[in-house]
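Here the structure is laid out as structure tokens; the discussion comes afterwards.
The values are calculated or read from the model by the stated rules, or taken from the named source; none is laboratory data. What you are looking at is a predicted structure, and each value in this text was computed from that prediction instead of being measured. Ideal geometry is used to build each Cβ from the backbone, glycine not excepted, and the neighbour counts take in all protein chains shown. Accessible surface is based on the protein model in full, side chains and every heavy atom, while ligands, DNA and RNA are left aside. Shrake-Rupley method; radii C 1.70, N 1.55, O 1.52, S 1.80 Å.
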Amino acid sequence: MTVHPSLQNYADAWTQSVESIAELVQPLVEGEWNRVTPCPGWSVRDVVSHVIGMECEMLGDPRPIHSLPRDLYHVRSEFARYMEMQVDVRRHHTAPEMTSELEYVLIRRARQLRNESRAPDTKVRAPLGAEQTLELAYRMRAFDTWVHEQDLRMTLGRPGALDSPGALVARDVLIEGLPKAVAKNAGAPAHSAVVFDVSGPVEFLRTVRVDGEGRGSVDGSPSLGPLVTFSTDWETFYRLTCGRVRAAAVADRVKVDGDEELGKAILQVIAVTP
């Protein structure tokens, strides 16, 4: 591999997850592609279409020229509209068309990874015409692909990969989103602390601290007097923070100690993905 060392972990995580996706969908019959996934508004076909579309963008392919229907209830922002374009354009594709395009795109992306010579700080295309570093792009593709692998696994009854390299990337991305959820979105008071104690295949303890100006930060040190402590398992944590399930649906899997009102407020806004 010629991928830069700081990109290698992300490349490996992405490769494992995307190959798992290809394996999961290869044997599906036509009707199974229409099954609803935990990803709001998306079927199995839609999730795979999204993966294909995002990898095409990593390859520098032009975006499709396509008009979205007006009745897509889950499309509520410009970011969502941007993501939906690659999905809706494939909504009438057959199972063989989907698996063939996925296979072709993955061959091209694998070749791109093998020949990658750009520095990690190289600026590349990001959604909505923005730019991001190549390292961030690799990281977010590893994260996004693992989450969608889990969408498909849950839908198809094929659990697994909860402790894969992609899961570890997802852990880090989701933890980084906690300070905004706690401090800004839930309005935790200044000089307070909120603890997340997560068990299971991926386990960790993190403390979100809110400073005097209301800004949040996160670290791995325990807090002596947190306002709230959440205890849950890794699968429930990722589903909540990725917006795959509402807190009420998994109340029996999340223990909340401390300030009940703040705990409820945080759980309402804990989803850190767009």
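Tabulated data for the structure shown
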| item | result |
| --- | --- |
| Among Thr122, Thr241, Thr37, residue whose mean-square fluctuation peaks in a GNM of the chain (springs only between Cα atoms under 10 Å) | Thr122 |
| Mean separation of Cα contacts under 8 Å (6+ apart) over length of the range 79-193, as relative contact order % | 15 percent |
| Surface share of carbon and sulfur [accessible, 1.4 angstrom probe, percent] for the chain | 51 percent |
| Burial order of peptide ranges 39-51, 64-76 (average beta-carbon count within 10 Å, highest first) | 39-51, 64-76 |
| Dipole of the range 127-274, positive end: most advanced residue of Thr145, Gly225, Gly166 [Cβ charges, Cα centre] | Thr145 |
| The chain: most fluctuating residue of Phe79, Phe204, Phe230 per GNM, C-alpha cutoff 10 Å | Phe79 |
| Approximate spin-label separation Val269-Glu78, in nm, with each point projected 7 Å along Cα-to-Cβ | 2.2 nm |
| Solvent-accessible surface ranking, highest first, for Tyr238, Tyr10 at 1.4 angstrom | Tyr10, Tyr238 |
| Debye intensity ratio in log₁₀ form over the Cα atoms of the range 57-110, taken at each q of 0.17, 0.19, 0.22, 0.27 Å⁻¹ | -0.66, -0.80, -0.98, -1.15 |
| Solvent-accessible area per residue for the range 166-266 (1.4 angstrom probe, square angstrom) | 47 Å² |
| Size of the range 150-267 as Cα extents on the principal axes (Å, biggest first) | 46, 28, 22 |
| Lysine-lysine proximity count for the chain, Cα under 25 Å, sequence distance 8 or more or distinct chains | 5 |
| Estimated vicinal HN-Hα couplings, Hz - the range 222-231 in sequence order (Karplus 6.51, -1.76, 1.60; Gly, Pro = x) | x, 9, 6, x, x, 5, 9, 10, 9, 10 |
| Gain upon complete extension [Lys123, Ala251; 0.36 nm per residue less C-alpha separation] | 41.9 nm |
